[in-house]
Structures are given as structure tokens and as C-alpha cells.
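Participant: Take a look at the following structure, please.
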Amino acid sequence: MGLTLRQLASITAVAAILGGCGGETTQTVEWYKTHDAERQEKLAECKNNPGEMRSQPNCINAKQAQKEVQNARRGFIQPPGFNPKKNEG
């Protein structure tokens, strides 16, 4: 008993949808700022595969957390409520 093309396509579609359900939990920038080892691990993972990882929420959040941690070490603290995007015209 063979599968028809339609059945095979349906099975493939369901497998692809279910395969995406096991993704990792998205961590916040604040979480990455307080979890240095995890931030460094995520940054290394993102750097190793930028083509696929650059738009992943955890890569974006880990990079932002790294920038904020480095800026804080330099003495720069972003003012509360400051939104640079809001000031662009």
C-alpha cells in the first residue's frame, strides 16, 4: 500500500508544523544581563551561524544585553524612558 502524493504532502506539512513546536524559550534582555554564562553561550552560538540565527529573538536579546552590560561598565546608563527610535524624525 503506497501513499498518494496528497497524503505524503499532508504528512510532510504536519511534521514541519510540529517540528517547530519544540523551540527554545525566548529570554528577555534583562534575563541575559543577569545570566552571563548563558549570554556568552548564546552569543557564541549566534556568531557561529549568523545566516540562520541573526533574526532569532534570543540572539537579538543576548546581543542587546551584551551591549548594555558593556556600556554600564563604561559608565553609560541609559536614562529611564529614553527611546532613541521615538526621537527620529
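The values are calculated or read from the model by the stated rules, or taken from the named source; none is laboratory data. A quick note: this is a predicted structure, and the numbers were derived from the prediction, not measured. Because the Cβ atoms are built from the backbone with ideal geometry, glycine has one as well, and the counts that use them run over all protein chains shown. Areas reflect the complete protein model, heavy atoms only, side chains present, ligands, DNA and RNA absent. Shrake-Rupley method; radii C 1.70, N 1.55, O 1.52, S 1.80 Å.
Participant: Answer yes or no: is there a residue in the range 32-45 that is open to solvent by less than 70 Å² (accessible area, probe 1.4 Å), part of a loop (DSSP other than H, G, I, E, B) and touching a residue at least 24 places away in the same chain (Cβ under 8 Å).
Facilitator: Within the range 32-45 (the criterion being open to solvent by less than 70 Å² (accessible area, probe 1.4 Å), part of a loop (DSSP other than H, G, I, E, B) and touching a residue at least 24 places away in the same chain (Cβ under 8 Å)), the answer is no, since none of the residues qualifies.
Participant: Hey, another quick one. Modelled with pLDDT of 95 or more and open to solvent by 60 Å² or more (accessible area, probe 1.4 Å): which single residue out of THR4, THR26 fits that description?
Facilitator: One residue alone meets the criteria, THR26.
Participant: Got at least one residue in the range 34-42 being modelled with pLDDT under 95 and small (Gly, Ala, Ser)?
Facilitator: For the range 34-42, residues modelled with pLDDT under 95 and small (Gly, Ala, Ser): absent.
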